[in-house]
Amino acid sequence: MPTVDNPLERLEFLQGTLEVLILRSLQLGPNHAYGVTQFLERQSGEEFVVDNGSLYPALQRLLQRAWITAQWKTSPNGRRAKYYRLTPTGRKQLVAATSRWQRFVEAMGRILAPEG
Amino acid sequence: MRAWWSKLRCMLTGRRALAEDLDAEIASQLEFEIQENLARGMPPEEARAAARRHAGNLTLIQERAREAWSFPAFETTPQDVRYGLRGIRRSPAFAAVVILTLALGIGATTAIFSVVNTVLLRPLPYPSAERLVYMGESDPKAEGIGVTWVNYQHWRKENHSFEEMAGFRTAHLSLTGRGEALFTRAGLVTSGFFGLVGAKPLLGRVFGPSEDRPGAAPTLVLGYQFWVSKLGADPRVLGATLALDGKSYEVLGVLPPGLHYFSQAIDFYLPMSQFQGEIVDRTRHGSMRLLARLKPGVTLNSALKDLDLIMHRLAETDPGPESNHRAYGQFLAESVTGDIRPTLLILLCAVGLVLTIACANVASLVLARSTARVREMAIRAAIGAGRRRLIRQMLTENLLLAALGGLTGLLLAQWGVRALIGMGPREIPRLAETTFDWRVLLFACAITAATGLFTGFAPVWTAGKLDLVSALKDSSRSATGSKGGQASRSVLVVAEIALTLVLSFAAALLIRSLIAAQTANPGFSPERVLALELVLPSASYRSPAAIAGFYGRLKQDLRGLPGVTAVGAVGCPPSAGDCRDWFYSILDRPAPQPGEVPISLFNTADAEYFGALGIPLREGRAFAASDRPNALLVAIVNETFARKWWPKESAVGGRIKFGGPYREGPIYEIVGVVGNVSQLGLDTEPMPEVYLPFSQSPAEAMVVMMRAAGDPASLAPAVRHRVAEIDRNLPIESLRPLAQNMAATLAQRRFSTLLLALFAGLAMTLAAVGIYGLLNYWVRVREDEIAIRLALGAPRPVIFRWAGWQALRLSLAGAAIGMLAGWWASRWLESLVFGVSAHSIPIMAVAAAAVIGIAVLAAAIPVWRATQVVAVDRLHHG
């Protein structure tokens with residue numbers, strides 16, 4: 001576990017959040033695993049580090065639930081890569097998860113925010 | 001659910017495709033990263049390495065991703081088992097030692113447990129056996145006295161707590177009219193008995209209420225064994241008659257095999273009513289006890305209170321000397337196993353300790369091996385094994401070893417049970433029926449799993465944190481894990497020594513007790529004495545004169561046999577147990593309260609008995625020819641009796657009131673005092689005993705003792721011949737050397753002592769192996785250190801002291817803990833210890849010295865090796 005004391009250390013994902021974030025990253029359009037990694041690191045302001053050891057199993061789980069599908073395609077720069085795409089179910093799940101997460105964050109914020 | 005389906009689909013469509021797909025995907029991701037790094041201006045080599053580093057452990061990623069598609073528990077287990085088997089094959093010596101150690105522990109424990117299971121746990125073979133109660137009467141001094149016929153009738157009719165109640169006792173009868181006279185054992189029962197023990201007739205019928213009525217025609221029910229062996233299994237026997245003690249009984253039915261209610265084999269069952277007649281005296285005790293079945297939901301306590309109400313009522317309407325008698329009851333299962341229960345439980349505890357020591361030994365071995373395997377584990381971790389997976393694999397390996405040990409143990413146990421049945425004393429009920437049922441198998445599985453988990457978790461606890469880098473860089477023996485491992489192994493060895501001492505102390509106490517019992521002065525000399533046990537059938541020997549006449553002539557004849565130096569007769573021979581006890585009081589002393597009337601053993605002896613057995617006469621005289629039936633009634637008492645009432649002065653001339661002040665009974669004048677004999681067995685304290693002269697109170701059942709000049713057994717044929725000469729129809733109950741009878745009383749003690757000594761020996765061996773292994777390892781790890789010390793000028797004695805101190809420290813620590821634990825635990829042995837205190841300091845000292853000695857001996861080789869390290873060799877090549 002990264003320690004909170006050290007601001008230089010990057011954050012790890014809370015249990016189960018990685019899958020929601022993957023869904024979010026695919027909301028803009030199909031992407032490959034490396035693209036997902038980069039998106040998440042960039043969007044988090046380099047706070048998150050995406051470990052391949054967590055990313056791939058998470059992708060597999062999403063595939064199993066049929067929230068995403070995968071297809072080999074050729075990338076704009078001419079490389080073959082496996083592209084992941086949100087399914088309608090996945091989209092619904094993302095909406096639900098987002099609102100749940102926001103309620104959670106607000107609640108956490110209210111508790112943790114300094115009084116006054 | 002959905003995920004589960006897609007997993008299943010994937011399983012069917014094939015794994016290989018999935019793996020290849022993942023490979024390609026990861027490779028493509030690597031490519032992206034490399035391209036990006038190149039674009040940032042990195043040189044190609046560095047770009048590749050950086051991407052590789054960033055990607056992480058590829059194998060682990062693959063494994064994890066694939067795991068998402070699998071059912072991990074199902075799939076990795078066979079793999080772990082395969083790895084485990086491979087590991088076992090790779091180090092056969094280690095595996096053999098572990099399997100053998102566990103097999104010994106599990107085997108011994110399972111064997112003892114299967115005996116406990118059969119004797120104590122398995123329900124008795126009767127319907128609703130858990131509600132069966134064995135009953136007698138009790139008074140303030142004694143429990144389980146026989147129930148009188150009158151009381152039984154009242155209990156049976158007036159109680160509200162029992163479904164059924166039946167009386168039973170045994171009797172010895174002689175069967176005549178069918179060739180040679182036969183000595184037979186009969187069960188005297190009331191009609192409810194057969195329903196209570198669930199016996200349905202094989203032929204004919206069993207007793208009904210009509211057989212319980214006094215004056216009913218004499219009938220009997222044959223036992224299966226007797227019917228087959230003595231009557232040729234003839235079905236026409238129904239309706240035929242058998243002559244027992246001169247009275248004809250009609251055969252009503254035949255029972256099926258397998259009824260073993262009485263402790264001895266029963267030839268046939270007779271109605272109790274045939275032996276009771278019309279009795280109205282509420283204090284006429286026979287040896288009848290009751291068997292009863294509680295109504296469902298009624299507790300034994302409330303049932304006894306119910307009967308006590310009846311007794312209170314009877315005390316008012318029919319008062320007498322026994323108005324203070326109450327009902328006594330004990331669950332049948334407890335009364336059957338009462339004596340042996342503590343012994344068996346102690347043995348089970350002891351063997352459990354042995355198993356614990358075996359476990360500690362194996363755990364210690366596994367620890368040593370796991371420290372040696374740190375490198376292997378580190379490599380596995382480096383190529384992608386998760387920590388959890390490693391632990392699971394180590395556990396699987398140990399469970400596998402335990403399972404193999406358990407299987408071997410079961411085989412050992414089977415053999416052990418046969419040995420136990422072979423050497424076990426006959427007094428242990430149902431011992432011969434010991435088999436492996438599901439409970440034993442379940443028990444064996446449970447202890448096997450427990451040992452596997454215990455020994456498997458030992459390395460996980462201590463070497464749980466694997467420091468990859470240092471483990472890979474350093475040589476295995478200086479890896480950080482070994483320090484923790486060494487400490488926990490020391491703890492294990494200390495525990496082993498402590499437990500071994502507990503067992504050794506217990507074994508030493510029992511051995512000392514056995515020696516004390518064997519060498520206990522029985523009060524007479526049993527060597528070269530032949531004991532002839534006879535019971536004269538009352539039908540042919542009706543009068544005291546007839547009985548006296550028979551024994552008089554027999555003794556005369558036996559005295560004439562060549563090789564016989566003395567002949568005497570006694571009613572209850574030494575070690576036969578409590579043949580008869582009764583109340584008494586001493587005249588000219590204050591009368592005791594009704595509940596305080598003392599009890600003494602009462603025995604019958606002829607004038608020559610004391611001389612023939614060498615029982616010393618302390619005061620007064622032995623019985624004499626002048627003690628005729630019409631003369632003054634006399635008695636001889638033993639020393640315990642005499643000292644109890646006449647601690648200083650002579651007991652001769654004192655007068656005993658038989659039955660105490662509140663019961664009818666004759667008065668006897670004490671004419672002599674003899675030494676104590678071990679009447680109840682060699683390992684018992686003497687009780688007060690009164691001998692009455694055979695000439696004044698002749699008894700049908702006597703044991704004639706013949707002292708021989710040579711081997712007493714060789715006299716037997718001549719003795720049989722003489723008995724048949726006098727009465728052709730008289731069966732001989734037993735004829736064997738007295739020493740054999742005496743030794744038989746110690747059979748159970750010998751059995752438990754032998755087993756406990758065996759366990760202690762096993763524990764010592766295991767502990768020795770344990771301390772040897774630990775020190776061996778300790779020295780091996782320190783060979784470099786020793787070499788450096790030697791090179792720096794340390795003399796070898798210093799090395800010797802250093803290594804020796806390690807061994808001694810562990811032994812002393814273990815011994816100290818073991819002494820405390822043994823001292824505390826020996827309280828459970830009180831009931832088995834004889835002739836020595838359960839808290840005996842000398843015995844503890846001997847046991848501790850033995851255990852420390854064994855430990856030091858086991859440590860000697862490694863310590864010696866430590867002093868033999870050649871500094872130059874070690875430092876050059878090490």
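The values are calculated or read from the model by the stated rules, or taken from the named source; none is laboratory data. Quick caveat: nothing in here was measured; it's all calculated off a predicted structure. Here the Cβ positions follow ideal geometry from the backbone for every residue, glycine too, while neighbour counts run over all protein chains shown.
When B:Leu104, B:Leu58 are checked against the criterion of being at pLDDT 80 or above and out of contact with any Leu (no Cβ under 6 Å at 6 or more places or on another chain), B:Leu104 stands alone in meeting it.
Among the residues examined, B:Ser302 does not qualify as polar (S, T, N, Q), assigned to a loop (DSSP other than H, G, I, E, B) and either surrounded by fewer than 17 Cβ atoms within 10 Å (Cβ to Cβ) or touching a His at 6+ places or on another chain (Cβ under 9 Å) (or both). Looking across segment B:268-319, the residues that are aliphatic (A, V, I, L, M) and touching a strand residue (DSSP E or B) at 6+ places or on another chain (Cβ under 7 Å) come down to B:Leu270, B:Met272, B:Met288, B:Leu290, B:Leu291, B:Ala292, B:Leu294, B:Leu300, B:Ala303, B:Leu304, B:Leu307, B:Met311. Any residue that is of a type in the set (Ser, Thr, Tyr), modelled with pLDDT of 90 or more and either outside the structural domain of B:Ile615 (by TED's automatic domain parsing) or surrounded by fewer than 19 Cβ atoms within 10 Å (Cβ to Cβ) (or both) - is there at least one of those in segment B:500-507? Within segment B:500-507 (the criterion being of a type in the set (Ser, Thr, Tyr), modelled with pLDDT of 90 or more and either outside the structural domain of B:Ile615 (by TED's automatic domain parsing) or surrounded by fewer than 19 Cβ atoms within 10 Å (Cβ to Cβ) (or both)), the answer is yes, since at least one residue qualifies. For segment B:139-186, the set of residues classified as among the hydroxyl-bearing types (Ser, Thr, Tyr) and surrounded by 18 or more Cβ atoms within 10 Å (Cβ to Cβ) consists of B:Thr148, B:Tyr152, B:Ser161, B:Ser174, B:Thr176, B:Thr184, listed by residue number. Please determine whether any residue of segment B:170-179 is over 30 Å from B:Gly297 (Cβ atoms) and in contact with a Lys or Arg (Cβ under 7 Å, 6 or more places away or on another chain). Yes: segment B:170-179 contains one or more residues that are over 30 Å from B:Gly297 (Cβ atoms) and in contact with a Lys or Arg (Cβ under 7 Å, 6 or more places away or on another chain).
Inside segment A:45-66, residues that are over 18 Å from B:Asp21 (Cα atoms) and modelled with pLDDT of 85 or more make up a count of 1. Scanning segment B:723-743 for residues that are in contact (Cβ under 8 Å) with a residue 60 or more places away in the chain and under 28 Å from the mean Cα position of the chain (by Cα) yields B:Leu738, B:Ala739, B:Asn741, B:Met742.
Scanning segment B:207-236 for residues that are buried (at least 20 other Cβ atoms within 10 Å of the Cβ) and part of a loop (DSSP other than H, G, I, E, B), which turns out farthest from the chain's Cα centre (by Cα)? Per the stated criteria, the residue is B:Phe207. Just name the residue that is farthest from B:Arg512 (Cα to Cα) out of those in segment B:829-855 that are small (Gly, Ala, Ser) and part of a helix (DSSP H, G or I). For segment B:829-855, the residue satisfying everything is B:Ala855.
There is no residue in segment B:534-543 that is closer than 28 Å to B:Thr184 by Cα, surrounded by fewer than 21 Cβ atoms within 10 Å (Cβ to Cβ) and modelled with pLDDT of 90 or more.
Kindly evaluate B:Glu785 against the criterion of being at pLDDT below 90, acidic (Asp, Glu), surrounded by fewer than 16 Cβ atoms within 10 Å (Cβ to Cβ) and in a helix (DSSP H, G or I). Yes; evaluated as a whole, the condition is true for this residue. Whether any residue in segment B:871-878 is in a loop (DSSP other than H, G, I, E, B), touching a residue at least 24 places away in the same chain (Cβ under 8 Å) and exposed (fewer than 15 other Cβ atoms within 10 Å of the Cβ) is what I want to check. Yes, the conditions are met somewhere in segment B:871-878. Screening the candidates A:Leu40, A:Leu55, A:Leu63 for the property of being touching a strand residue (DSSP E or B) at 6+ places or on another chain (Cβ under 7 Å), within 11 Å of chain B (Cβ to nearest Cβ), within 13 Å of A:Glu19 (Cα to Cα) and not acidic (Asp, Glu) yields one hit, A:Leu63.
Among the residues of segment B:147-203, the one identified as at pLDDT below 90 and acidic (Asp, Glu) is B:Glu180. The combined condition, being crowded, with 22+ Cβ neighbours inside 10 Å and modelled with pLDDT of 90 or more, is fulfilled by B:Ile497.
Remark: pairs (first residue in segment B:227-240, in the same structural domain as B:Ser174 (by TED's automatic domain parsing) and under 19 Å from B:Leu259 (Cα atoms); second residue outside any helix (DSSP H, G or I) and of a type in the set (Gly, Ala, Ser); Cβ separation under 9 Å; 6+ apart in sequence or on different chains) = B:Trp227/B:Ala233; B:Leu231/B:Ala240. Being surrounded by fewer than 14 Cβ atoms within 10 Å (Cβ to Cβ) and over 36 Å from the mean Cα position of the chain (by Cα) is a property that B:Pro590 has.
Residues checked against (1) part of a helix (DSSP H, G or I); (2) free of Cβ contacts under 8 Å to residues at least 40 places away in the same chain; (3) buried (at least 18 other Cβ atoms within 10 Å of the Cβ):
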| position | (1), (2), (3) |
| --- | --- |
| B:Gln330 | no, no, no |
| B:Leu345 | yes, no, no |
| B:Ser364 | yes, no, yes |
| B:Ser370 | yes, no, yes |
| B:Met377 | yes, no, yes |
| B:Ala381 | yes, no, yes |
| B:Arg389 | yes, no, yes |
| B:Met394 | yes, no, yes |
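In this structure, B:Ser826 does not qualify as farther than 15 Å from B:Ala508 by Cα, among the hydroxyl-bearing types (Ser, Thr, Tyr), part of a helix (DSSP H, G or I) and at pLDDT 85 or above. When we screen B:Arg553, B:Arg628, B:Arg618 for residues that are in contact with a helix residue (DSSP H, G or I) (Cβ under 9 Å, 6 or more places away or on another chain), more than 25 Å from B:Ser525 (Cβ to Cβ) and basic (Lys, Arg), the only hit is B:Arg553. Filtering segment B:670-686 to residues that are under 30 Å from B:Leu514 (Cβ atoms) and at pLDDT 90 or above leaves B:Val674, B:Gly675, B:Asn676, B:Val677. If you filter segment B:600-615 down to residues that are of a type outside the set (A, V, I, L, M, F, W, C) and in contact with a helix residue (DSSP H, G or I) (Cβ under 8 Å, 6 or more places away or on another chain), you find that the one that is surrounded by the fewest Cβ atoms within 10 Å (Cβ to Cβ) is B:Glu608. Residues that are modelled with pLDDT of 85 or more, of a type in the set (A, V, I, L, M) and surrounded by fewer than 11 Cβ atoms within 10 Å (Cβ to Cβ) within segment A:1-44 comprise just one, A:Leu28. Counting the residues of segment B:35-65 that are more than 19 Å from A:Tyr83 (Cα to Cα) and within 11 Å of chain A (Cβ to nearest Cβ) gives 10.
The residue list A:Thr69, A:Thr87, A:Thr74 contains one member that is in contact with a strand residue (DSSP E or B) (Cβ under 7 Å, 6 or more places away or on another chain) and modelled with pLDDT under 85, which is A:Thr74. Scan segment A:74-91 for residues that are more than 8 Å from chain B (Cβ to nearest Cβ) and exposed (fewer than 13 other Cβ atoms within 10 Å of the Cβ) and the total you get is 4.
All conditions in (1) surrounded by fewer than 16 Cβ atoms within 10 Å (Cβ to Cβ); (2) closer than 27 Å to B:Ala520 by Cβ hold for B:Ile667, with the sole exception of (2).
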